[in-house]
Amino acid sequence: MARGVMPRRPGKSGKQEGLRRAGSRVPLKAARPDTKSALGFSAGRARPALSKAEGAPVSTSKPKASDKKYNPVAAERVSEILKRLDATYPDVTCALHHNSAWELLVATILSAQCTDVRVNMTTPELFRKYPRMEDFAALKPEQLEPDIRSTGFFRNKSKSVVGAARKILADFGGQVPDEMDKLLTIPGVARKTANVVLGTWFKKNDGVVVDTHVTRISRRLELSKSEDAPKIEQDLMKVIPRQNWILFAHQIIWHGRKLCIARKPKCVECPLENLCHAGDKTWSTVETHKNAK
Ligand code: SF4
């Protein structure tokens, strides 16, 4: 071997070899329609090169005239996204365990900046100890803090839960209201929590739940350019048919947990892959858009 010439080392993860094998399976073409223009992909397009650093594909193609027609919120593209989400996540619902609107409201308040798994570990003992809304209302927030400490931000959450119990007892006869305007007057309840309660418990599609997963994936799929949850919700309400609002949010949340995770999304396994142009994809058969992430 000539001096200074090193043999090529295999990737540490083996990902590159795996990707090449995946590329030879032609799974996407077989599984997906050969649709162009507004959908933003062509099943027959050549695969892009893999980047050296990540083993991830990068686009080497120049913009095409047909790309001018690409509209990420075209009805045809959105409909295809919904169709594939339905096929992949047909029966998903809220992962927070609950037996009443009140329990769901409390669980949703506790889920801020916390995993649903952690909340589900906390709430059984919480509702065993304080079975009625009145039990929470009778507490000082400091008394509740030890019971919900493991969910994080426990001081604010304690104030919200105790305040919510007092407000619902005082103004709504002890019944969690089923109207957005009224829910928004309850301490600790913003549109996300209100949408969870309205959609999951009351089956009312007044809005779209926008949590961290919906925020990230809406941007990756170019259904919204905003980073602001209220604006993202407005954008989604314009492009997603109203009858889909509840299920769409559940599906996207599950998609965010299973495949479209924040770091290193599993694009090679994703049913939306050739509709997605996210700039932080880990594998792609279509051009990526650097602002979509
Ligand atoms: S292709 Fe990747 S980035 Fe796009 S939605 Fe699927 S997992 Fe997320």
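The values are calculated or read from the model by the stated rules, or taken from the named source; none is laboratory data. Keep in mind that this is a model prediction, so the values were computed, not measured. Cβ sites come from the backbone with ideal geometry, for glycine too, and all protein chains shown count toward neighbours. These area figures cover heavy atoms from the full protein model, side chains too; ligands, DNA and RNA do not enter into them. Shrake-Rupley method; radii C 1.70, N 1.55, O 1.52, S 1.80 Å.
Quick check on my filter: what residues within region 252-283 are among the small types (Gly, Ala, Ser) and either open to solvent by 60 Å² or more (accessible area, probe 1.4 Å) or in a loop (DSSP other than H, G, I, E, B) (or both)? Break it down into steps so the answer makes sense when it comes.
At the first step, the residues of region 252-283 found to be among the small types (Gly, Ala, Ser) are 256, 262, 278-279.
Within region 252-283, 262, 279 meet the criteria.
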Condition check for residue 204: of a type outside the set (Gly, Ala, Ser), over 21 Å from residue 114 (Cα atoms) and part of a helix (DSSP H, G or I): no
Of (1) closer than 22 Å to residue 71 by Cα; (2) near the ligand (Cβ under 8 Å from one of its atoms), residue 290 satisfies every one except (2)
Please go through region 206-224 and pick out each residue that is within 18 Å of residue 95 (Cα to Cα), more than 15 Å from the ligand (Cβ to nearest atom) and not acidic (Asp, Glu). 208, 209, 210
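Condition check: acidic (Asp, Glu), more than 8 Å from the ligand (Cβ to nearest atom) and buried (at least 21 other Cβ atoms within 10 Å of the Cβ). Does residue 227 satisfy that? Please lay out each step first, then the result.
Working: acidic (Asp, Glu): yes; more than 8 Å from the ligand (Cβ to nearest atom): yes; buried (at least 21 other Cβ atoms within 10 Å of the Cβ): no.
When the stated conditions are applied, residue 227 does not pass them.
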Residue tally, condition among the hydroxyl-bearing types (Ser, Thr, Tyr) and in a helix (DSSP H, G or I), over region 71-130: 5
